[in-house]
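The values are calculated or read from the model by the stated rules, or taken from the named source; none is laboratory data. Nothing here was measured: the structure is a model prediction, and the numbers come from that model. Neighbour counts are summed over all protein chains in view; Cβ atoms, including those assigned to glycine, are modelled from backbone coordinates with ideal geometry.
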Amino acid sequence: MATHPYLTAPIKTAGMPPGVPYIIGNEAAERFSYYGMNGILVIFMTKFMLDSSGAPDHMTKEQADAWYHTFVSAVYFLPILGAILADAVIGKFRTIMALSIVYCFGHLALALSHTRGGLILGLALIALGAGGIKPCVSANVGDQFGASNQHLLTRVYSWFYFSINIGSAFSTILIPYFLETRGPALAFGTPGIFMLIATVIFWLGRKKFVHIPPVGLKNYASEIFTLDGLKVLGNLLIPVPFVAMFWALWQQNFSSWVLQAESMDRNLFGREWLSAQIQTVNPIFILVMLPLFSYAIYPAIDKVFRLTPLRKIGIGLFVNMAAFLIVAWIQTRIDAGERPNIIWQVLAFVVLTAGEIMVSVTHLEFAYTQAPKKLKSLVMCTYLGAISLGNVFTAAVNFFIQNADGTVKLAGASYFFFFVKVMAVTSILFVLVAGFYKGKTYLQDEADQPAA
């Protein structure tokens, strides 16, 4: 048998692994492509979509919201396929490469065809590509590190998260401008070019990466279907429906919030912003607020009462409800014929981002630490599955509220107040259920510890 040409174990070095720059570059370009395309979907569906003859074929706001959240639910459901392919069948590198190519063809379909057929084909390919690589990319980062340089892992994940938000911030400013001024071909084509760049960058790093071989389906299944494995997975599913409702609200900053911004005065800092550009403030606020929470807010709360991961999530759910109260209040003013300034939605983004840090970042950490060492990759799908489930709920609501005569059951502010009520009930139930959670914390180099 020929010798494998790639690294199969981390290099013994106290410095950075050689594959890290390729991973960071790939992630920045891929996130630019995803968030650029993602940020203009509802505007495209409601203002730019055509039929096969080239005539306008626009969706209603409710139809666009429903189809958008259906797409996102697929993106976050398909990681389970990517996890199985990567860990059990063909390995992480081949999974990421193969599905990245599928991802590129999805962007190509959106750039070439601006019909419903082109939209469905493009989004289906992007959901398969983007969803499939999600559980592989961050795990691939950890694979590059050994005992001699694992102290650098936190720094690399910080750069990894920074690259995500830099890619997101630039794309959500630039791509809506392209859509409005140059049309869908350039607006969807540019993210496609960035996804191709991301794929090439990843391929260039192939001989620098550590390639962990797949374990085979039989061995993979034997790790999962044990009493302890099933018990852990069952425990980790407990927070999922509650966190799913957080995502049912949060994800609407790309859909209903964008459509609301269309009816607002978007003059801010001496210029008029496009409705799809307002979401740029979210990644900017994340970069500012992450250290603020880590070094100031969390320690301050911890002096009042012990701030466990589940308590962070519980507080974050109530904070998320407050963000939707603000947008519901904005909508009452719009319904009354006013045109409130976009600064009020920016304020809602401040509150939404605070909730995101408390729920999303904490749930990601919680899922990882509560998973046994051999089930880390699969268990991350419970985190991603919560996002999928939340978007299924929002899509279902938007499909249900549409009447045959073109009217809707939840019009105007009543739509946002509905989600406020749902979040209130969810938050209270989570507080009650979280008090009964029992689990274990599994760390890589330490004995198992009781869960906090």
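Observations on the structure shown:
- Verdict on Gly314 being part of a loop (DSSP other than H, G, I, E, B) and in contact (Cβ under 8 Å) with a residue 40 or more places away in the chain: no
- Only one of the listed residues (Gly406, Gly435, Gly390) is more than 19 Å from Gly316 (Cβ to Cβ) and either out of contact with any Pro (no Cβ under 6 Å at 6 or more places or on another chain) or at pLDDT 90 or above (or both). That residue is Gly406.
- Residue in region 76-84 that is under 21 Å from Ile224 (Cα atoms) and not in a helix (DSSP H, G or I) present: yes
- Those residues of region 134-150 which are closer than 25 Å to Met97 by Cα, of a type outside the set (Phe, Trp, Tyr) and in contact (Cβ under 8 Å) with a residue 12 or more places away in the chain, in sequence order: Lys134, Pro135, Cys136, Val137, Ser138, Ala139, Asn140, Val141, Asp143, Gln144, Gly146
- Residue in region 209-218 that is assigned by TED's automatic domain parsing to the domain that holds Ala88, surrounded by 21 or more Cβ atoms within 10 Å (Cβ to Cβ) and out of contact with any Ser or Thr (no Cβ under 8 Å at 6 or more places or on another chain) present: yes
- Checked against the criteria, Ile173 does not count as more than 30 Å from Leu290 (Cβ to Cβ), in the same structural domain as Pro21 (by TED's automatic domain parsing), surrounded by fewer than 20 Cβ atoms within 10 Å (Cβ to Cβ) and among the aliphatic types (A, V, I, L, M).
- Of the candidates Ser73, Ser148, Ser100, the single residue that is of a type in the set (S, T, N, Q) and part of a loop (DSSP other than H, G, I, E, B) is Ser148.
- Test result for Leu153, touching a helix residue (DSSP H, G or I) at 6+ places or on another chain (Cβ under 9 Å), modelled with pLDDT under 90, under 26 Å from Leu99 (Cβ atoms) and not assigned by TED's automatic domain parsing to the domain that holds Ala111: no
- You will find that of Gly117, Gly192, Gly142, the residue that is crowded, with 20+ Cβ neighbours inside 10 Å and in a helix (DSSP H, G or I) is Gly192 and no other.
- Here the condition is being within 17 Å of Glu356 (Cβ to Cβ), surrounded by 14 or more Cβ atoms within 10 Å (Cβ to Cβ) and over 22 Å from the mean Cα position of the chain (by Cα); of Ile315, Ile297, Ile330, it holds for Ile297 alone.
- Of the residues Thr46, Thr95, the single one that is free of Cβ contacts under 8 Å to residues at least 60 places away in the same chain, assigned by TED's automatic domain parsing to the domain that holds Ile175 and not in a loop (DSSP other than H, G, I, E, B) is Thr95.
- Selection count where residues are acidic (Asp, Glu) and within 30 Å of Ser275 (Cα to Cα), scope region 132-190: 1
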